[in-house]
Amino acid sequence: MRALVREARLTREDLVLPLFACPGKGVRREVASMPGVHNLSVDEIVRDASEAFDLGVPAVILFGLPEGKDETATGAYARDGIVQQAIRAVRKAVPEMVVIADTCLCEYTSHGHCGVVREGEVLNDESLELIARTAVSQAEAGADIVAPSAMMDGQVGAIRAGLDEARLEHIAILAYAVKYASAFYGPFREAADSAPAFGDRRAYQMDAANAREAMREAELDYAEGADMLMVKPATCYLDILRTLRERFDLPLAAYHVSGEYAMIKAAAAKGWIDEQRVMMETLTCIRRAGADIILTYYARDAARLLR
C-alpha cells in the first residue's frame, strides 16, 4: 500500500553519473576524499560509462584533467582535449548513452578561475568567447548536451549563438543556472584539480543566503535559450528546487555534489548511518523537491537498488 500511494518516485532514468577524464591509459586513481570516485583515463571512462549504461543509468557528465594548463584554458576547447577524447570514446562505445559535457574553464586555467583573469579580476565579457568556443568544440566531438557551469553573465546566450553559427542547433544547453558559492565543493576540487590559485569564486557564484536572486539568475538563462536548468548543490537548496519547479516549465536538474556524497561516505564508514538508506532517502527527497534529473556520484549504486 505504501508503494501504491507513493508521491515521488526515483527511477534509474533520473540519474546522471559524473566522470573525471585524465591523460594516460589504464589509469584508475581514486580520489581520497571521495571513496569510489576515480580519475580515469579515456579507456577507463568507457568502461565505467558502459557499466553505468548496462545498469540503466542513461547519461554521464564528463569533466577533464588536462596534461597542461595556461592562462586562456586552451585545453578546454582543443579538438584533442581530454574531454573531447572522452566524448568520442563514449559515443563510439555506447552510442545510445546521453553524453553531457561540463562547459567551464576552471579545470584548464593555470589560475583555476572560471574565466579570463587580468590584474586579479575575472573578466566576465571576455570569458564568454572562450566558453562558447569550448561548447562548440564539445558539441563537435559528439556531446548531446553542453552544461555551462562558470556562472558568467550571458554565457548561455553566447553558447546558443556559437552553436547556431556552427550549425549545431540541435545541441541542448543544461545551464548551471543557480550555482552557489558552496563549501560542499571541496572534494570535487581535489578530483578535478580545479582549486583557484588565489581568492575564491564568490564574485560570480551565488551567496547561500539568497533565494530571490536565484530566480533572477534562472530567468536570465531561460531568456537566453537554456533548454534545462540546474541547481547546485542539491540537498541544502531543496527550497530553491521547489520554487524553480513551480516557476519554470523546463526540465530541472540538481547536482548532488562531492561534499554531500563524501559526508554520507564518511558517516557510513564510521558505522553511524545506513549508507544505502541514507543515499536513497537523499536522492528521493531531491526528486520530491522537483528535480527531473539528478547528477550524483551514487548513480550506479542507486541504479542497482532500483532494478
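The values are calculated or read from the model by the stated rules, or taken from the named source; none is laboratory data. Remember, it's a predicted structure, so these values are computed and weren't measured experimentally. Here Cβ is always computed from backbone atoms with ideal geometry, including for glycine, and neighbour counts include all displayed protein chains. Side chains included, ligands, DNA and RNA excluded: accessible areas come from the protein's heavy atoms. Shrake-Rupley method; radii C 1.70, N 1.55, O 1.52, S 1.80 Å.
Straight-line cross-link partners of residue 92 among the lysines, defined as a Cα under 22 Å from its Cα and at least 8 positions apart when in the same chain: 25.
Per-residue 3J(HN,Hα) values for the stretch 159-173, derived from phi via the Karplus relation 6.51 cos²θ - 1.76 cosθ + 1.60 with θ = phi - 60°, read 5, 4, 5, x, 5, 5, 5, 8, 6, 10, 4, 7, 6, 8, 10 Hz in sequence order (x marks Gly and Pro).
What the phi angles of the stretch 284-300 give under the Karplus curve with 6.51, -1.76 and 1.60, with θ = phi - 60°, is a coupling list of 5, 5, 5, 5, 4, 5, x, 6, 8, 10, 10, 8, 8, 5, 8, 3, 5 Hz, glycine and proline written as x. Each of 155, 180, 142 was scored by the projection of its Cα onto the charge dipole of the stretch 142-186, and the greatest displacement toward the positive side belongs to 180; charges sit on the C-beta of Lys, Arg, Asp and Glu.
Computed from the C-beta positions of residue 5 and residue 276, the FRET efficiency with R₀ = 22 Å rounds to 0.45. Less than 5 angstrom separates the built amide H of residue 180 from those of 206, 232, all sequence-distant by 5 or more or on a different chain. Projecting the Cα atoms of 108, 77, 272 onto the charge dipole of the chain (Cβ charges, centred on the Cα centre) puts 272 farthest toward the positive pole. Per residue, the average separation of C-alpha pairs within less than 8 Å and at least 6 apart gives the chain a relative contact order of 19 percent.
Between 112, 157, 26, the residue with the greatest mean-square fluctuation in the GNM of the chain (Cα pairs under 10 Å linked by springs) is 26.
Averaging Cα coordinates gives a centre for the stretch 98-160 and one for the stretch 27-64; these two points are 22 Å apart. Note on the stretch 1-97: with charges restricted to the Cβ of Lys and Arg (+1) and Asp and Glu (-1), its dipole about the Cα centre is near 200 debye. Between the C-alpha center of the stretch 162-183 and that of the stretch 6-22 there is a gap of 19 Å.
Roughly how many percent of the accessible protein surface of the stretch 1-80 is carbon and sulfur, given a 1.4 Å probe and a whole-percent answer? Walk me through the intermediate numbers first.
Working: 2050 of 4030 Å².
The C+S portion of the solvent-accessible surface of the stretch 1-80 is 51 percent.
In order along the stretch 17-24, the phi-based Karplus estimate (6.51 cos²θ - 1.76 cosθ + 1.60, θ = phi - 60°) of 3J(HN,Hα) comes to 9, x, 9, 10, 8, 9, x, x Hz; Gly and Pro are listed as x. Placing +1 on the Cβ of every Lys and Arg and -1 on the Cβ of every Asp and Glu, with nothing else charged, gives the stretch 128-173 a dipole about its Cα centre of roughly 40 debye.
Roughly what % of DSSP beta bridges within the chain run antiparallel, to the nearest 5?
Working: 6 of 39 bridges.
The answer is about 15 percent antiparallel.
Nearest 20 debye, what's the magnitude of the dipole of the stretch 110-261 about its Cα centre given +1 on Lys and Arg Cβ and -1 on Asp and Glu Cβ?
Values: 14 positive and 25 negative charges, 79 e Å.
Once rounded to the nearest 20, the dipole reads 380 debye.
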